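Written below as structure tokens is the structure these notes are about.
The values are calculated or read from the model by the stated rules, or taken from the named source; none is laboratory data. Predicted model only: the values in this text are computed from it and were never measured. Cβ sites come from the backbone with ideal geometry, for glycine too, and all protein chains shown count toward neighbours.
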Amino acid sequence: MDALRLIQDSRGEVDIELAAGGMAVGDVAEQNQWLLLVSHPGEWKEHPLVGVGIDGMLADHETAAWRRAIGQALEEDGQTIDLLSVKDGVITIKAHYKQ
């Protein structure tokens, strides 16, 4: 039996692959990080506090507040943060789900 495999790359493009034996799923941490960043609070009806709304960072120079908001969103999602940096408009995230 073939299964459908959906993997989203760093540019947001989705690759579809068939795998034998059952449902195949790639690592979802990076995809979920992206969703947390681009979502605004209130957009997820079942979880109205979820989301950072990172597009608001474009005109804001207060990076410490954005770093706190991103860190809190990742931790509430159950991720362990190895590295989180917000500097010169560049966000670097290295995080994973707790095992």
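Listed conditions (1) at pLDDT below 90; (2) among the small types (G, A, S); (3) surrounded by 12 or more Cβ atoms within 10 Å (Cβ to Cβ) are all met by G89, apart from (3).
So is P41 touching a residue at least 12 places away in the same chain (Cβ under 8 Å), of a type outside the set (A, V, I, L, M, F, W, C) and out of contact with any Pro (no Cβ under 6 Å at 6 or more places or on another chain) or not? Judged against the criteria, P41 is a match. For the range 47-83, name all the residues that are modelled with pLDDT under 90 and part of a helix (DSSP H, G or I). Answer for the range 47-83, where residues must be modelled with pLDDT under 90 and part of a helix (DSSP H, G or I): I54, D55, G56, M57, L58, A59, T63, A64, A65, W66. Only residues that are among the small types (G, A, S) and within 18 Å of D27 (Cα to Cα): list them for the range 84-99, please. Within the range 84-99, just A95 meets the criteria.
For L6, are the conditions met, namely being within 22 Å of K94 (Cα to Cα) and either part of a loop (DSSP other than H, G, I, E, B) or modelled with pLDDT of 85 or more (or both)? Here the answer is no, as L6 does not meet what is asked.
Condition check ((1) within 12 Å of the chain's Cα centre (by Cα); (2) surrounded by 12 or more Cβ atoms within 10 Å (Cβ to Cβ)) across all residues:
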| site | (1), (2) |
| --- | --- |
| A59 | no, no |
| E62 | no, no |
| R68 | no, yes |
| G71 | yes, yes |
| E75 | yes, yes |
| D82 | no, no |
| Y97 | yes, yes |
